[in-house]
Amino acid sequence: MSTPAAGTLFVVAAPSGAGKSTLVNALLEREPAISLSISHTTRPPRPGEEYGRHYYFVERAEFEREVAEGIFLEHAEVHGNLYGTSRTTVDGLLAQSRDVLLEIDWQGARQIRAAKPDCVSVFILPPSRPELERRLRGRGSDAPEVIERRLHNSREEIAHAHEFDYIVVNDRFEDALDDLQAIVHAVRLRSPLQWARHPALIDALLAP
Ligand code: GDP
Ligand code: ADP
Ligand code: 5GP
C-alpha cells in the first residue's frame, strides 16, 4: 500500500473514438489538482497536436532505446504504434502528493495494475457500435484506413473492460463526465486518506 500522503494514480482506457480524451480534458478542467501524464509515442502527430502537450512524438529507434534504458513504467504497441508512460514523471508527481491520470490502452493498464496495485482504473464504453464509428469518423483526425484499423481493434479493447475497477458509458457527455468525477470524489473520500487529512478533527472528536 502507498502511504496516505501519496497521490492517487488513475488509469483511463477506451476504444479509440469512445470520447476518452474529450472526457479526460473536461475532467481536468473540473479537477485541476489532477496531473495528466503525457505519453511518448511513435505515432505521427495529427493536425493541431503539439510535442509535449499531447504526446512526446519520437522515432521508433529512439523509443526502442528508451525501452532498453527502462524509462517506461509501461509501454505497448497499439494500432501499429508504440506508446509508453514515463516512470520518473509519474513517480515524481505521486511523491509530491499529486493525483496523476494516465490515458492508456488495456495492455498498459495491466502493467500499471501489476506495478501500482493501488491505482484506480476506469474504462469508457461508447453507447453503441454505430455511434463509436460515427465519432471516430466525425473527429476527422485519422485517415480512412487508420479508422478501419481502430474500429477493428475496438472489440479487443472492449473485451478487457471487466478488468477495470469502474466502467462509464459515454452516451450523454455531461452524464459521463459527472460519473467520472463521482469516481474521483469517492476515491478521495476513502478512509485512509480522510483519516490522514483530518488529524485535528479526529483528535478533537476522540478527546476524553
Ligand atoms: P485515441 O486516444 O484513440 O484518440 O488515439 P491515440 O493515438 O491518442 O492513442 C492510441 C491508443 O494508445 C489508445 O488506446 C491510448 O489509450 C493508447 N495510449 C496512449 N498513450 C499510451 C501510453 O502511454 N501507454 C499505453 N500503453 N497506451 C497508450
Ligand atoms: P478517444 O480519445 O476515446 O479516441 P475523443 O475524445 O477524441 O475519443 O472523442 C471522439 C469524438 O467523439 C470527438 O470528436 C468527440 O468530440 C466526440 N464525442 C466524445 N464524447 C461524445 C458524446 N458523449 N457524444 C457525442 N460525441 C462525443
Ligand atoms: P491515439 O493515437 O488515438 O492518440 O491513441 C490511441 C490509443 O493509444 C488510445 O487507446 C490511447 O489510450 C493509447 N495510448 C496513448 N498513450 C499511451 C501510453 O502511454 N501507453 C499505452 N499503453 N497506451 C497509450
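Please get the size of the charge dipole for the range 7-129, origin at its Cα centre, with Cβ charges of +1 on Lys and Arg and -1 on Asp and Glu, quoted in debye to the nearest 20.
320 debye
Given a cut-off of under 8 Å on Cα pairs at least six residues apart, what relative contact order in percent is computed for the chain?
31 percent
Give me the number: length gained by fully extending R129 to E31, i.e. 0.36 nm times residue separation minus the C-alpha to C-alpha distance, one decimal in nm.
Taking R129 through E31 to full extension adds about 32.3 nm, to one decimal.
Search the structure for amide H atoms under 5 Å from the amide H of V100, placed 1.01 Å from N in the peptide plane, and list their residues when 5 or more places away or on another chain.
When sequence neighbours closer than 5 places are left aside, the close amide H contacts are T8, L9, F10, S35.
May I ask you to compute the full-extension gain from L205 to E174, defined as 0.36 nm times their residue separation minus their alpha-carbon distance, rounded to one decimal in nm?
Value of the extension gain: 7.3 nm.
Which residues in the range 31-55 place their backbone N less than 19 Å from a point set 7 Å from the Cα of R190 along the Cα-to-Cβ direction?
So the set is 33-37.
Could you rank the peptides 18-24, 74-80, 195-201 by their average count of other C-beta atoms within 10 Å per residue, with the highest value first?
Descending packing order for the listed peptides: 18-24, 74-80, 195-201.
Kindly provide the helix-only [θ] at 222 nm of the chain, computed as the sum of -39,500 (n - 2.57) over DSSP H runs of four or more divided by all residues, to the nearest 500 deg cm²/dmol?
-14000 deg cm²/dmol
Can you find, among Y83, S128, Y56, the residue sitting farthest towards the positive end of the charge dipole of the chain, where Lys and Arg contribute +1 and Asp and Glu -1 at Cβ?
S128
Output the relative contact order of the range 91-208, whole-number percent, from Cα pairs under 8 angstrom with separation of 6+ residues.
Computed over the range 91-208, the figure is 27 percent.
Using the Cα centre as the reference, give the magnitude of the dipole from point charges on the C-beta atoms of the chain (Lys, Arg: +1; Asp, Glu: -1; all else neutral), rounded to the nearest 20 debye.
140 debye
Looking at the chain only, what percent of DSSP beta bridges run antiparallel? Nearest 5 please.
Percentage antiparallel, nearest 5: 30.
Any read-out appearing in this document is the output of simple, stated calculations on the displayed coordinates, not a laboratory observation. Since we're looking at a predicted model, the values are computed, not measured. A quick note on method: Cβ atoms are made from the backbone with ideal geometry, for glycine too, and the neighbour counts reach across all protein chains shown.
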